[in-house]
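**Student:** I have a structure here, written as structure tokens, and I will follow up with some questions on it.
Each value in this text was obtained by applying a stated rule to the coordinates, not by laboratory testing. None of these values were measured; they are calculated from a predicted model. Note that each Cβ is placed from the backbone with ideal geometry, even for glycine, and that neighbours are counted across all protein chains shown.
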Amino acid sequence: MAPLRLNAVAFVSSQNHPILIRTFNQPKQDELKYHYIAHTSLDVIDERITAATATKSTDCYLGLLYVEDVAVYGYMTPLKVKIILALELSDALVRDADIVAIFKALHTAYRRSIANPFLKLNSPGSENIVTDHSTIIYAGTPKWKAFRRRVDEIGKAVSTGVPIVSSA
Amino acid sequence: MNSYPVELLAQLAPVMFVAGLDIPLDAQEALQSTPPKYQDPFIVLALRLREALVSQRKPAMWQPEKSKTFQVALVDPEVRFPPRKMPPPEDQPFAQTHSPLSPLTPSSPLYPDGLIAPIWIRKHTSLVPSVFVLFKRIYESPQPANRNPLDHDPEAKEREAEERKRDAELSAEIALRKKSTNERNIKLTVVLMASRRMLDDPTLDGRLTYIRRQSGLDPRAALFVLSPVSPSEIGDFVKSLQEALYDPAVEYYTNHSKRVRRKRNKHAQASSGYQLPLSPSYGSRPLRPEGWTVRYEYKMACFAEFRGEDEIALKHYQDSYNALHIMFGSTAILPPRTKRWAEAKVLADCINVKICKLYLYNNEHSLALAHHNSHMRKISDLSRGWGIGEETFEYWAWLARQNRVFAELLEQGTRTTLKIPTHLPVKPPPATADPRIAQANPLESDSLKSLGLNPSQALQHPGFYYYMAARCTENRRDRFLHAGDNEVAMHAAAASPGFANEKKVDHLSIVLELYTRAYELFKKYAPRIPQNQGRQTLWIAYRIAQTYYQSGKFEMAVRFFERIAKTYRREKWEAMLQPLLTTWFACARQLGNMEMCVQLLLEMLGHGLNPDSDDPDAIQEDLIAVLKTSMPSTPDGVLVADLSESDPLLDTSVVFWKSEVTVGEPAAFQLSLAASSTLPISSLPFTSLSIHFLGEFPTVIIRHKALPTNEQEKEDLSLVKRVDIGSLQWGATVLSDDGSLVVEADLRWGLGSTMVICGTLTSDIPVSMSVEKLVLTMKEGSWSVELPILPNSRRSIASQVPRWLSSLSPPRFIPIQREHTSSVTVQYRPHRIYVAVSNDAPAYLGEEFPIIIDIINGDDRELDIVIDVLLHPTEIEEAVSYITFDSEQSAALIKGISCGTLSPGGKVSKTLNLGTSGAPGDRMLDISVQSRSTSISAKLSESTPADTGETLRTLVVSVIDPINVAYDVVYKRSSKPQRSIADLETYEGDYWDDGDGGVAHVVSKFSCAAPSGVHVESVKLTREDNSQAKITSCLLDSDTGDLIEDWLCGDEFCDRCQISIAPDDDYSKEDFIAGPGTYEITWKRILPEGAYGTSATSYYRLPSLQPPPESLIALMDVPTTATMHQPFGIQLTVRNRHPSRSAYVVVQLEPEATDAFVVAGLRNGRLPILLPGCEEVIRWNLIPVECGFVKIPKIKVMNRRKVIDQQAHARVTGGITGEDPAPEEPVEIVDIRWDDRSVVAASSDAGTTGSGAVNRYICEAVVLVLP
């Protein structure tokens, strides 16, 4: 896999609240930019989901969302958590399969983090930790380092061109 | 787009000059004033033609359609074309002549090294046409009135001469025009306008031929005649005119192309040693060979574009662009920052737009975008070398211009034909999964496309490019301001001219314009789905707001911020809120809106947003500074800072220890208010905190009371403070001024500290208790700020679990793991009601089964008791049940049976009766005992629920039949002799003939199944004789009186009755005869204490009868006893009961030596043939000669019908007797003393054979012979 330059990754909950936004090798003043990018992509994701529902497609991968000075791709897990990634623009073909592999790795990282039983210690009421919205948001807070570490590892792997074996 | 010469961008189309349609001014005025009817038709025609022609094509950048239309220019008939060649300068008489625009012409603006100028395009679009259309009126001599065609017209000659003269003049005029157009190979077409009458004039053809010849017009498509016609016909005319002239126009441009190509080829050959005859005195260098290539390729591209040949145009534009790029590569060829360099840059940009446009015409979106990107990249690379790299405003200005012109191109395109592609991921088709097929696929690019795409070649809607342009312009402004700072710092006296120009630019309004257009386009392209939040437009709106802020339009900025912040708050994108709030605050400060400032600062504190991470106190200090230094707009008013949409200033949570309490029981609660651990709010001057509870609890106000300093220090160390507000009573009044409870406490929160307010709530009525709202009040100077806080609002998720403070030092909390911890429900104490339901199950069918409900009030309250009973419907078939309760009867529900008021300890007993019939089985009852307290509290309002309780019991009653009955039925044949056919008695109406049916004996066995036993009062058989059966006798008739009255479980009782059966003629084997009577047993349940229950009657119907059918039968009537040596008779009745066949019966008596009788009578003989329904009787006299049980002699009865049949058949067929002789059929002989058949036996004996059969066919009746 040709090295892709991954600039940022964002996880957004089903109610469109940010869970985690990580940037890779970006100047500090640019980090905010990726918040805006993630937020604006939600519009396109909504549009894609509507289109997908109309065609009864069940594909999680939503494709290229838009291009600014980065190329923004989207993915939605079956439980409607949205994953957005921003790639540095390079004048080369980007294979969908590569992007899907990154997304699947990110999805796995997310699932493993949300499966942490200790998250539930501070979560009131709801029994189902996988769908409890506040727990999902909570998983992205700085207190839980493993999620960040996993995402950072994926970011590093993508940038060095290591093929990501989809574990999904 | 305006930043480039329009000539270089517009779509080129063949140019047509139209002359001769000018209308004199006075005529125009006259036209306006006269009504349409009287207008000069030719002036109207000219006007309409002008309109139609000019509207054929408007100059525009995007015009992909290839209809044969011209760019029409209205000109003066005498218009002169620009000179083709300049006369050579006088000092060089032998030099070649060149066009006045050529770089070789010293007077040209391009002299000596210009590439191409917009004026060249203008020459071809507005000064030189490809076709010239000249409109002229043909002379029409006035027509004399009432002219007779036969008359010789004396004036005709005169008129003809006049026409000839005028035509000659016209021809000369055209010829003159023709001469000038011919010089330039321009096609000249003349349209002669004539009246309708003239068209019919026979002389017209001749005149036209004359004019054409005289003027030297082409034979084809050069002369048209038009009369005033309707607008639609004018349209048709214009269309056909253009179609006719399109080919000459194309030819015209082709010729130009050919000429240029020749020149280019010549030039390419000579390029190595090409030296221009140039005087060195000009001091500048001539155009280089690369420049000539650019020039020629550009011209060829333009001519191809004129012809509408897009592909050729694209090819030449690309060649031109490439050559231009080579020129840029060398500063020797094109020294930067010169006039020619600037022109070349503009040219390159414009060629890029043309190339992109031509790609887009062909829907090659990726190629277009790729070219555009590569253009920007190439020029960016070059810019660095030119000293206008990314750090200069020039660079960003240029980049912005590129994005903008591209956006404009797309915008124009999308208005007509251009479709923006969607970039949905494409599933790879299954065929390409196989690599061999994928390789063999000639459309490899397609298969690659399906696997992914190059994001930088994904065309998006123009809004994106406007947005990019705006971003670039922002950068441009930044660089410019930066450059300005440097300039000031360096005291550079002479600013560069570029900088001076830049100073005049209002960057912000450009940015605003670009963002606004982007905003509109994003809105236009936003998906039309209901959940669309317009986040993209919000982002652009945010940029617009920032721009407004920068340009000092704070009001506008604030209006945008208000709208944007709503979505960001709702979706919790706090990182994005921070810059927004910061700018908003700056705007508010600029506007002097101090209320808004306070509110924004509080919101920032709530979100924990801190723009300056080095100084966490900044916001707090800002807020205090604002409060101290400013005055509210209404000095005495209270500012209510509503932060309900954003994060709260303090994390609050209300926790009740229990989720339910009973009335009068205190419910302990804790209300905790926690400050953020990142942003300090310790100096905020809170003066009071009021706690409002739901319902009629007094409001608690906690007033700030600063602690003494030594305690203050101690307090600062502990992160948790506890304030006890004691217990509060529902509806209690507090003796204070405003009816609220005042407590004093320290209302300052240190970093991350928590205040826990605890107390209890008590209510005497059932309500839900909770904290309604909290209001923090801040007072400083003339400011009074109220901060309403929701009682359960948390800023972060981490503190979501409700906690109960269990120990203050060290602080310990117990997590409360249940839902709805923030409210408590007060309920009445449950009523202590004891309900006992008793019954003597099982219930018996037919009786009214009593169920006793005992209710005891074990409570200390007086209770009203009401009972509801529901009888569930049962699924058992034929089961009928009902309940009776206090004279109410229902098959389902009895409601509201009142048991009156029970005082404490009181008891009531009620009997419910369950009546059942039909079928046994379980019946289910729900008994609901409702209690309601009679003591009505004075505090109860209408809405408070009453003090009620309900006790439920479910009862399953099994219902059985108390008496089971079993029947045993046997049938006897009639022994009565058959009445003769003519017997008159048989015709009587009440004649009862049981000769066929015989008699049925029914034994009914009643057994008692009731566990408690029943007391039977009577057993009766009610006769219900019908037409086919009647009871002739019954044992019950004879014994009455000695019935055993009390039947215990297992006791049995029998009755036997005899039923005479007279089946109808149409009675068949399958029919039943209804039982002709019903047993009626009246009984009472024996109660445990020996008494009897209510009387009930059960009915048991006699079974249906089914006498077995029969055919030929012999009945033997033998007496039971005989006396030795006394003769007695026996009698054999042979009955043919077969419905259709006659019988041929032979009777044999076979005396044996051992026989105990002496027999007198028939030994062997044939009976008369028995027709169906007939019978024959044979008698014998017997004298017994032995004593004891002796068998009578053997008698056999044979039916020989089959033998007879066979013999008769043999006679008919001629005596062939190959078959075995048919056996004689024995006839069953029945001893009528033992004649009893049950239905079952009768139906099964048909197939029985073997030893049993022998006995049945030989009479072995036994007689007891007495001595």
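**Student:** Return P(r) of the protein assembly as shown (all Cα-Cα pairs; 20 Å bins starting at 0; whole %; ordered from short to long distances).
**Tutor:** Bins of 20 Å from zero give 7, 18, 17, 15, 14, 14, 11, 4, 1, 0 percent of pairs.
**Student:** Right, next: Could you list log10 I(q)/I(0) for the stretch B:833-960 at q = 0.13, 0.23 Å⁻¹, which the Debye formula gives when each Cα is one point scatterer?
**Tutor:** Each listed q maps to, in turn, -0.57, -1.29.
**Student:** Moving on to the next point. Rounded to the nearest 0.05, what FRET efficiency do B:R262 and B:K165 give with R0 = 56 Å and r taken as the Cβ-Cβ distance? Could you check?
**Tutor:** My answer for the efficiency is 0.75.
**Student:** From the backbone phi of the stretch B:980-994, what are the Karplus-calculated ³J(HN,Hα) couplings (6.51 cos²θ - 1.76 cosθ + 1.60, θ = phi - 60°) in whole Hz, Gly and Pro given as x?
**Tutor:** Here the 3J(HN,Hα) series is 6, 4, 8, 4, 5, 4, 5, 8, 5, x, 9, 6, 10, 10, 9 Hz.
**Student:** Once you keep just the Cα pairs under 8 angstrom separated by 6 or more residues, what percentage relative contact order results for chain B?
**Tutor:** 5
**Student:** How would chain B be classified by its alpha-carbon gyration tensor: rounded, prolate or oblate, with rounded meaning a/c under 1.5 and the a/b versus b/c comparison settling the rest?
**Tutor:** Taking the square roots of the gyration eigenvalues as a ≥ b ≥ c, chain B is oblate.
**Student:** Stretch B:S380-B:E1024 to full length: gain in nm at 0.36 nm per residue minus the Cα-Cα span?
**Tutor:** Stretched fully, the B:S380-B:E1024 segment lengthens by 219.9 nm.
**Student:** Within 10 Å of each candidate Cβ there may be at most 14 other Cβ atoms; applying that plus a DSSP loop requirement, which trypsin sites (Lys or Arg not before Pro) in the stretch B:948-1028 survive?
**Tutor:** B:R979
**Student:** Continuing with the same structure: Based on the Kirkwood radius over alpha-carbon pairs, what value in µm²/s does the Stokes-Einstein equation return for the translational diffusion coefficient of the stretch A:6-160 at 25 °C and 0.890 mPa s?
**Tutor:** For these conditions, the coefficient is 154 µm²/s.
**Student:** Any aspartates and glutamates with Cα under 17 Å of the B:K165 Cα? List them, leaving off those in the same chain fewer than 8 positions away.
**Tutor:** B:E140, B:E155, B:E173, B:D205
**Student:** What is the spin-label model distance, in nm, from B:S1012 to B:E819 if the labels are put 7 Å beyond Cα along the C-beta direction?
**Tutor:** Between B:S1012 and B:E819, the label points sit 5.0 nm apart.
**Student:** Using a Förster radius of 51 Å, what is the FRET efficiency between B:S633 and B:T662 based on their Cβ-Cβ separation? Nearest 0.05, please.
**Tutor:** 0.45
**Student:** Can you show me the helix-derived [θ] at 222 nm for chain B, built from DSSP H runs with n ≥ 4 at -39,500 (n - 2.57) apiece and divided by the number of residues, rounded to the nearest 500.
**Tutor:** -10500 deg cm²/dmol, from helical runs alone.
**Student:** Still on this structure, please answer the following. Can you list the residues of the stretch B:218-235 with backbone N under 19 Å from a point 7 Å past the Cα of B:S195, pointing along Cα to Cβ?
**Tutor:** From the stretch B:218-235, the list is B:225-230.
**Student:** Can you tell me the 0 to 90 degree angle between the C-alpha axis of helix B:1201-1213 and the longest principal axis of chain B, rounded to 10?
**Tutor:** That helix lies at roughly 70 degrees to the long axis.
**Student:** Work out, step by step, the length gained on full extension between B:D1064 and B:A732: first 0.36 nm times the residue separation, then minus their alpha carbon distance; give nm to one decimal.
**Tutor:** Extending this stretch completely gives an extra 110.0 nm.
**Student:** Dipole size in debye (nearest 20) for the protein assembly as shown around its Cα centre, Lys and Arg Cβ +1, Asp and Glu Cβ -1?
**Tutor:** The calculated dipole for the protein assembly as shown is roughly 10760 debye.
**Student:** OK, next. Fully extended, how many nm does the chain gain between B:T1213 and B:D485 (0.36 nm per residue separation, minus their Cα-Cα distance)?
**Tutor:** 247.6 nm
**Student:** Hey, what angle do you get for helix B:231-270 against the long axis of chain B, alpha-carbon based, 0 to 90 degrees rounded to 10?
**Tutor:** The angle comes out at about 60 degrees.
**Student:** Continuing with this model, one more query. Starting from the amide H of A:Y75, placed 1.01 Å from N in the peptide plane, find each other amide H under 5 Å away whose residue is 5 or more places distant or on another chain.
**Tutor:** A:L62, A:I83
**Student:** Between B:K339 and B:N182, what is the label-to-label distance in nm when each label sits 7 Å out along the Cα-to-Cβ direction?
**Tutor:** Here the answer is 4.1 nm between the modelled labels.
**Student:** For B:C1049 paired with A:D152, estimate the spin-label separation in nm (one decimal), with each label point 7 Å from Cα along the Cα-to-Cβ line.
**Tutor:** 8.3
**Student:** All other residues with a Cβ under 15 Å from the Cβ of B:N475 taken together, and with Lys, Arg as +1 and Asp, Glu as -1, what is their net charge?
**Tutor:** Neighbour charge sum, excluding B:N475 itself: -1.
**Student:** Residue by residue through the stretch B:1106-1116, what is 3J(HN,Hα) from phi via Karplus (6.51 cos²θ - 1.76 cosθ + 1.60, θ = phi - 60°)? Round to whole Hz and write x for glycine and proline.
**Tutor:** 9, x, x, x, 8, 10, 7, 8, 10, 10, 9
**Student:** Please identify every one of the GluC sites (Glu not before Pro) in the stretch B:1105-1175 that sits in a loop by DSSP and has no more than 13 other beta carbons within 10 Å of its own beta carbon.
**Tutor:** Those satisfying the criteria are B:E1152.
**Student:** Something else about it: State to the nearest 20 debye the size of the charge dipole of the stretch B:1008-1070 about its Cα centre, where the only charges are +1 on K and R beta carbons and -1 on D and E beta carbons.
**Tutor:** Roughly 80 debye for the stretch B:1008-1070.
**Student:** Taking the Cβ of B:S1142 as the centre, find all other residues whose Cβ is under 15 Å away and add up their charges (Lys, Arg: +1; Asp, Glu: -1).
**Tutor:** Counting the neighbours of B:S1142, the net charge comes to +3.
**Student:** Okay, moving on. Which is farthest toward the positive dipole end of the stretch A:6-160 among A:V94, A:T58, A:H133, measuring Cα position about the Cα centre, with Cβ charges +1 (Lys, Arg) and -1 (Asp, Glu)?
**Tutor:** A:H133
**Student:** Run through every distinct alpha carbon pair of the stretch B:781-855 and return the Kirkwood hydrodynamic radius in angstroms, one decimal place.
**Tutor:** The answer is 19.8 Å.
**Student:** Another question about this same structure. Rounded, prolate or oblate: pick one for the stretch B:963-1101, where a ≥ b ≥ c are the square roots of the eigenvalues of its C-alpha gyration tensor, a/c under 1.5 means rounded, and failing that, prolate if a/b is larger than b/c, else oblate.
**Tutor:** Judged from the Cα gyration tensor, the stretch B:963-1101 comes out prolate (a/c at least 1.5, a/b above b/c).
**Student:** List the aspartates and glutamates whose Cα lies under 19 Å from the Cα of A:K120, skipping any in the same chain that are fewer than 8 positions away.
**Tutor:** Partners within reach: A:D132, B:E819.
**Student:** Amide H of B:L728: which non-local residues (sequence gap of 5 or more, or other chain) have their own amide H closer than 5 Å, using H built in the peptide plane?
**Tutor:** It is B:T760, B:L761, B:T762, by chain and number.
**Student:** Could you run the Karplus curve 6.51 cos²θ - 1.76 cosθ + 1.60 with θ = phi - 60° over the stretch B:965-974 and give me ³J(HN,Hα) per residue in whole Hz, x for Gly and Pro?
**Tutor:** Running phi through 6.51 cos²θ - 1.76 cosθ + 1.60 with θ = phi - 60° gives 10, 10, 10, 10, 10, 10, 10, 10, 7, 6 Hz.
**Student:** Another question about this same structure. Starting from the amide H of B:I816, placed 1.01 Å from N in the peptide plane, find each other amide H under 5 Å away whose residue is 5 or more places distant or on another chain.
**Tutor:** Under 5 Å from the amide H of B:I816: B:R803, B:W804.
**Student:** A further question follows. Using only the alpha-carbon atoms, how far is helix A:31-54 inclined from the longest principal axis of chain A? Give it as 0 to 90 degrees, nearest 10.
**Tutor:** Relative to chain A, helix A:31-54 is tipped by roughly 90 degrees.
**Student:** Moving on to the next point. What does a probe at B:V1146 reach in the stretch B:1160-1195, counting residues whose amide N is under 12 Å from the point 7 Å along Cα→Cβ?
**Tutor:** Counting only backbone N, you get B:1164-1167.
**Student:** Using a Förster distance of 35 Å, how high is the FRET efficiency between B:I119 and A:A52, based on the Cβ-Cβ distance and rounded to 0.05?
**Tutor:** Given R0 = 35 Å and the Cβ-Cβ separation, E is 0.05.
**Student:** For the stretch B:49-66 and the stretch B:875-890, write down the distance between their C-alpha centroids in whole Å.
**Tutor:** 94
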